[in-house]
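Colleague: Please see the structure below; I have some questions.
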Amino acid sequence: AIGFSRAHDPWNGLGLYQVVELTSEWNDMTLAFVSTASDENGRVHFDAGASDVSFEIAGLAIRRVESPP
């Protein structure tokens, strides 16, 4: 699973939680989402559980998109 949540109490999500099936074949993946709240201290979390499949995170970008006036 991959998600984006607050990095403090309350540890609730900020708009992204998705279960990703890991396979032994190479797969590129891109996720785009809009955060459901403003927070200066968010965290991206990954949970591979008990999977025997290796995975690599080659890049991560978090961008703030300003709202139109």
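Colleague: Residues that are open to solvent by 40 Å² or more (accessible area, probe 1.4 Å) and touching a residue at least 40 places away in the same chain (Cβ under 8 Å): does the stretch 8-16 have at least one?
Modeller: Scanning the stretch 8-16, I find no residue that is open to solvent by 40 Å² or more (accessible area, probe 1.4 Å) and touching a residue at least 40 places away in the same chain (Cβ under 8 Å), so the answer is no.
Colleague: Can you name every residue in the stretch 32-45 that is open to solvent by 60 Å² or more (accessible area, probe 1.4 Å) and under 16 Å from SER5 (Cβ atoms)?
Modeller: Within the stretch 32-45, PHE33, VAL34, THR36, SER38, GLU40, ASN41, ARG43 qualify.
Colleague: Looking at the structure I just gave you, is ALA48 out of contact with any helix residue (DSSP H, G or I) (no Cβ under 8 Å at 6 or more places or on another chain), on the phi < 0 side of the Ramachandran plot and free of Cβ contacts under 8 Å to residues at least 24 places away in the same chain?
Modeller: The answer is no for ALA48.
Colleague: With the requirement that a residue be closer than 28 Å to SER54 by Cβ and either more than 14 Å from the chain's Cα centre (by Cα) or among the acidic types (Asp, Glu) (or both), what does the stretch 12-43 give you?
Modeller: GLU21, LEU22, THR23, SER24, GLU25, TRP26, ASN27, ASP28 - these are the residues of the stretch 12-43 that are closer than 28 Å to SER54 by Cβ and either more than 14 Å from the chain's Cα centre (by Cα) or among the acidic types (Asp, Glu) (or both).
Colleague: Let me ask you something else. Which of the following residues is of a type in the set (Ser, Thr, Tyr) and open to solvent by 60 Å² or more (accessible area, probe 1.4 Å): SER5, SER24, SER51? If you could, list the steps in order and put the result at the bottom.
Modeller: Numbers: SER5 fails: open to solvent by 60 Å² or more (accessible area, probe 1.4 Å); SER51 fails: open to solvent by 60 Å² or more (accessible area, probe 1.4 Å).
Result: SER24 is the single residue among SER5, SER24, SER51 that is of a type in the set (Ser, Thr, Tyr) and open to solvent by 60 Å² or more (accessible area, probe 1.4 Å).
The values are calculated or read from the model by the stated rules, or taken from the named source; none is laboratory data. Just so it is clear, the structure is predicted and the values come from calculations on it, not from any experiment. Methodologically, a virtual Cβ is constructed for each residue, glycine included, from the backbone with ideal geometry; neighbour enumeration extends over all protein chains shown. In case anyone asks, the SASA skips ligands and DNA or RNA and just uses the protein heavy atoms, side chains included. Shrake-Rupley method; radii C 1.70, N 1.55, O 1.52, S 1.80 Å.
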